[in-house]
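What follows is a short report on a single structure.
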Amino acid sequence: MWLTGIPASGKTTIALALEDALLKAGTPCIVLDGDTLRHGLNAGLDFSLSGRAEAVRRAGEAALLIAESGSTAIVSMVSPVASDRAMVRRRHESTSLAFHEVFIDAPVQVAESRDPKGHYARARSGELPSFTGVSAPYEPPPTPSLHLRTDQAGVHECVNAIRAILKP
């Protein structure tokens, strides 16, 4: 399950709530969050296009290992470039594992108003160059498995929608 969207769109909140719901239902799963991965697996990578592509590739490979073990991998990552996400999709499909891309969508103004880390303000002041949604582009998925508007739906509703596409 790959949750993508601009910063502060709701990816991590939904991912953690989904993990909680799945674990309570007895489904083994783990969240791979982009911010958390930057402290370990993706440490040292910058926010250049090549750095972002490598971060997405690494997260995709980690998710693949988790899925191969029989658990559900829930990736919560901006992953702004559509071709990078498509590469992860192809890698999963080459091993016959399911890949669901979920577009966690919120208008920039809404995401900025709920920004818990103050990144949007720092980006607008020039302190954070290449910040997705302000000074760097985000390529929405052309055909996501699910498109969730977090300015119109709550966390519980989003989790239920994702769980519905996980059911066989």
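May I ask you to evaluate 6.51 cos²θ - 1.76 cosθ + 1.60, the Karplus curve with θ = phi - 60°, for each residue of region 130-141 and list the ³J(HN,Hα) values in order in whole Hz, giving x for glycine and proline?
6, 8, 4, x, 10, 10, 9, x, 10, 9, x, x
Please list, in order along region 111-119, the HN-Hα scalar couplings obtained from phi with the Karplus expression 6.51 cos²θ - 1.76 cosθ + 1.60 (θ = phi - 60°), rounded to whole Hz, x for Gly and Pro.
Each residue's phi maps through the Karplus curve to give 4, 5, 5, 10, 4, x, 9, x, 5 Hz.
Where the centroid of each part is defined by its Cα atoms, how far is region 1-29 from region 148-168 in Å?
After rounding, the separation between the Cα centres reads 10 Å.
Taking residue 24 as the anchor, which aspartates and glutamates have their alpha carbon closer than 18 Å to its alpha carbon, excluding any fewer than eight residues away along the same chain?
Partners found: 157.
Cα axis of helix 11-24 to longest principal axis of the chain: angle in degrees, 0 to 90, nearest 10?
20
Tell me the Rg and the Dmax, in Å, that the Cα atoms of region 53-130 produce.
Every Cα atom of region 53-130 included, Rg and Dmax give 15.4, 45 Å.
Within 9 Å, Cβ to Cβ, of residue 76, how many net charges do the neighbouring residues add up to if Lys/Arg are +1 and Asp/Glu are -1? Could the numbers behind the result be given before it?
Numbers: positive: 11; negative: 33, 35.
In short, -1.
Using only Cα atoms and rounding to the nearest 10 degrees, what angle (0 to 90) does helix 49-68 make with the longest principal axis of the chain?
The helix 49-68 is inclined about 20 degrees to the chain.
Counting Lys +1, Arg +1, Asp -1, Glu -1, what net charge surrounds residue 45 among other residues with beta carbon under 12 Å of its beta carbon?
Working: positive: 38, 52, 57, 58; negative: 46, 54.
Result for the local shell: +2.
What net charge do the residues around residue 148 carry, taking every other residue with its C-beta under 9 Å from that of residue 148, with Lys and Arg at +1 and Asp and Glu at -1? All intermediate terms of the calculation are to be shown ahead of the outcome.
On the way: positive: 149; negative: 105, 157.
In short, -1.
What is the set of long-range amide H partners of residue 2 at a cut-off below 5 Å, with H atoms built 1.01 Å from backbone N?
Under 5 Å from the amide H of residue 2: 75, 100, 101, 102.
Tell me which residues come under 5 Å, amide H to amide H, from residue 29 once H is placed; ignore anything under 5 positions away on its chain.
Close amide H contacts, sequence-distant or interchain: 72.
Multiplying the sequence separation of residue 124 and residue 68 by 0.36 nm and subtracting their Cα-Cα distance, what value in nm do you get?
That works out to 16.0 nm of additional length.
On a 0 to 90 degree scale, rounded to 10, what angle separates helix 82-94 from the longest Cα axis of the chain?
The answer is roughly 20 degrees.
Please go through region 21-128 and write out the GluC sites (Glu not before Pro) that DSSP classes as loop and that have at most 11 other C-beta atoms within 10 Å.
Values: sites: 54, 61, 68, 93, 101, 112, 127; in loops: 127.
Listed in order of number, the matching sites are 127.
Per residue and in Å³, how big is the convex hull formed by the alpha-carbon atoms of region 122-168? Please list the in-between numbers first.
Values: hull volume 5.0 nm³, N = 47.
Value for region 122-168: 106 Å³ per residue.
Put a dot 7 Å past each Cα toward the Cβ at residue 94 and residue 143; how far apart are the dots in nm?
2.0
Given N residues in region 2-166, what is Rg(Cα) / (2.2 N^0.38 Å)?
Working: Rg = 15.1 Å, N = 165, 2.2 N^0.38 = 15.3 Å.
For region 2-166, the normalised Cα radius of gyration is 0.99.
Just grab the label-to-label distance for residue 36 and residue 160, each label 7 Å out from Cα along the Cβ direction, in nm (one decimal).
So the label points at residue 36 and residue 160 sit 2.6 nm apart.
Bear in mind these aren't lab numbers, they're just calculated from the coordinates by the rules spelled out. What you see is a predicted model; the values in this text were computed from it and never measured. In this analysis, Cβ positions are derived from the backbone assuming ideal geometry, glycine residues included, and neighbour counts consider all displayed protein chains.
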